[in-house]
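Peer 1: Below is one structure. I have some questions about it.
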Amino acid sequence: MARVLLIEDDDAIRLSLGKSLTAAGHVVSAVGAGADGVAAVARERPEVLLLDLGLPDLDGRDVLAMVRAVSDVPVIVATARDDDASVVRLLDAGADDYVIKPFSAAQMDARIRAVLRRLGQDQQGDSTVEIGGLRIDPRSREVTVDGAAVDLSRKEFDLLLALSRRPGAVVTKRELLAEVWGLPWGGGDRTVDVHLSWLRRKLGETAAEPRFVHSVRGVGIKLSADG
């Protein structure tokens, strides 16, 4: 189903999970160190990356940052910490999903399929959106404002795309957390606010003087060209 790269230092877990995911139909390659994993991402161009945070040579969060510098590959992080703050930090750093240890191979396979479904919806399920001078192409993941290209991070684009699916409608921060970050329980408003600030800056606007991204106090956010 997918080309999967596994970065896991525990030999037993690496072997067992690799076999189970292969049996589920994935093409799996695996490495045991962070530096090897970053090199493999650039060399093999996997469709999904599974990243254990507890690596012997590099902190898993540093590996995530290195991967994000060279690739937009969907990343599923395996972590032993399940508190909201830790999960939000991982998602803010560029992770697309996470699993809490211990986890089963079936659970990881389900996470892989879910990430690929979301990616497929973004790339294939939407037509180009134009709102005023803003143009969003979900298939190429390209954005322009008045014809000029806008360079967005993966999460910034996902946030803009989520808003563009309901142009003119107010979208709550909880809805954005669920759709963009996979956090349906809320509690990460600051995460949305920070990414909105970055997005507005790149679109050439501010919260005080919005052009496309408008805040509706106490309700949520809407994407429109007319306020």
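The values are calculated or read from the model by the stated rules, or taken from the named source; none is laboratory data. The shown structure was predicted, so the numbers you read here are calculated from the model rather than taken from an experiment. In this analysis, Cβ positions are derived from the backbone assuming ideal geometry, glycine residues included, and neighbour counts consider all displayed protein chains. All accessible areas refer to the heavy atoms of the entire protein, side chains included, with ligands and DNA or RNA removed. Shrake-Rupley method; radii C 1.70, N 1.55, O 1.52, S 1.80 Å.
Peer 1: What is the Cα centroid distance between the range 140-159 and the range 1-49, reported in whole angstrom?
Peer 2: For the range 140-159 versus the range 1-49, the Cα centre distance is 30 Å.
Peer 1: Considering only Leu21, Leu134, Leu58, give the residue with the highest GNM mean-square fluctuation for the chain, with springs between Cα atoms whenever their separation is below 10 Å.
Peer 2: Result: Leu58 has the largest fluctuation of those listed.
Peer 1: Counting only protein chains, not ligands or nucleic acids, how are Asp193, Asp84, Asp97 ordered by accessible area (probe 1.4 Å), most first?
Peer 2: Asp84, Asp193, Asp97
Peer 1: Something else: Tell me, what are the semi-axes, in whole angstrom and largest first, of the equivalent ellipsoid of the range 54-191 as set by the roots of 5 times the Cα gyration tensor eigenvalues?
Peer 2: In descending order, the three semi-axes are 28, 17, 15 Å.
Peer 1: Now for a different question. Nearest 5 is fine: what % of DSSP beta bridges in the range 2-122 come out antiparallel, could you say?
Peer 2: Just about 5 percent of them are antiparallel.
Peer 1: Okay, next question. What residue among Ile136, Ile13, Ile76 shows peak mean-square fluctuation when the chain is described by a Gaussian network model with Cα springs under 10 Å?
Peer 2: Per the Cα network of the chain with a 10 Å cutoff, Ile13 tops the list.
Peer 1: Heavy atoms only, probe 1.4 angstrom, no DNA, RNA or ligands counted: give me Lys101, Lys222 ranked by accessible area, highest first.
Peer 2: Sorted descending by solvent-accessible area, the residues read Lys101, Lys222.
Peer 1: Evaluate the distance, in nm, between pseudo-label points positioned 7 Å from the Cα of Val170 and of Asp82 along their respective Cα→Cβ axes.
Peer 2: 3.5 nm
Peer 1: With a 1.4 Å probe and every protein chain left in place, work out the accessible area per residue of the range 2-122 in Å², rounded to a whole number.
Peer 2: For the range 2-122, the solvent-accessible area averages 45 Å² per residue.
Peer 1: If amide H atoms are built 1.01 Å from N in the plane of the peptide, which residues on other chains or at least 5 residues away come under 5 Å of the amide H of Glu142?
Peer 2: Amide H neighbours of Glu142, under 5 Å, 5+ apart: Asp137.
Peer 1: Also, I was wondering about something else. Label Arg3 and Asp36 with points 7 Å out from Cα along Cα→Cβ: what is the distance between them in nm?
Peer 2: 1.9 nm
Peer 1: Here's a follow-up. Which angle between 0 and 90 degrees, to the nearest 10, do you get for helix 60-70 versus the longest principal axis of the chain when only C-alpha atoms count?
Peer 2: Helix 60-70 sits roughly 60 degrees off the main axis of the chain.
Peer 1: Which residue, Arg166, Arg217, Arg200, has the most motion in a Gaussian network model of the chain that connects Cα atoms within less than 10 Å?
Peer 2: The residue that fluctuates most here is Arg217.
Peer 1: Tell me what the chain gives for mean residue ellipticity at 222 nm when only DSSP H runs of n ≥ 4 count, each as -39,500 (n - 2.57), the sum divided by the residue total, rounded to 500 deg cm²/dmol.
Peer 2: Dividing the helical sum by the residues of the chain leaves -13000 deg cm²/dmol.
Peer 1: Continuing with this model, one more query. Considering only DSSP beta bridges with both partners in the chain, what is the antiparallel share in %, to the nearest 5?
Peer 2: Taking every DSSP beta bridge with both residues in the chain, the antiparallel ones total about 50 percent.
Peer 1: Now, a different point. With θ taken as phi - 60° and the coefficients 6.51, -1.76 and 1.60, list the Karplus ³J(HN,Hα) couplings across the range 108-116 in order, rounded to whole Hz; mark glycine and proline as x.
Peer 2: 5, 4, 5, 5, 4, 5, 5, 4, 5
Peer 1: Pop out the ³J(HN,Hα) list for the range 128-133 in order, Karplus 6.51 cos²θ - 1.76 cosθ + 1.60 with θ = phi - 60°, rounded to Hz; leave Gly and Pro as x.
Peer 2: Karplus-based 3J(HN,Hα) across the range 128-133 equals 4, 10, 10, 10, x, x Hz.
Peer 1: While we're here: Which of the three applies to the range 1-76, rounded, prolate or oblate, going by the alpha-carbon gyration tensor with a ≥ b ≥ c and a/c under 1.5 meaning rounded?
Peer 2: In terms of gyration-tensor shape, oblate.
Peer 1: Right, something else. Accessible area of the chain with a 1.4 Å probe: how many percent of it is carbon plus sulfur?
Peer 2: After summing per-atom areas, the C and S share lands at 50 percent.
Peer 1: Helix 11-23 sits at what angle to the longest principal axis of the chain, using alpha carbons and giving 0 to 90 degrees rounded to 10?
Peer 2: For helix 11-23, the angle is close to 70 degrees.
Peer 1: Distance in nm between label sites at Asp62 and Asp226, each 7 Å beyond Cα in the beta-carbon direction?
Peer 2: Rounded to a tenth, the inter-label distance reads 5.3 nm.
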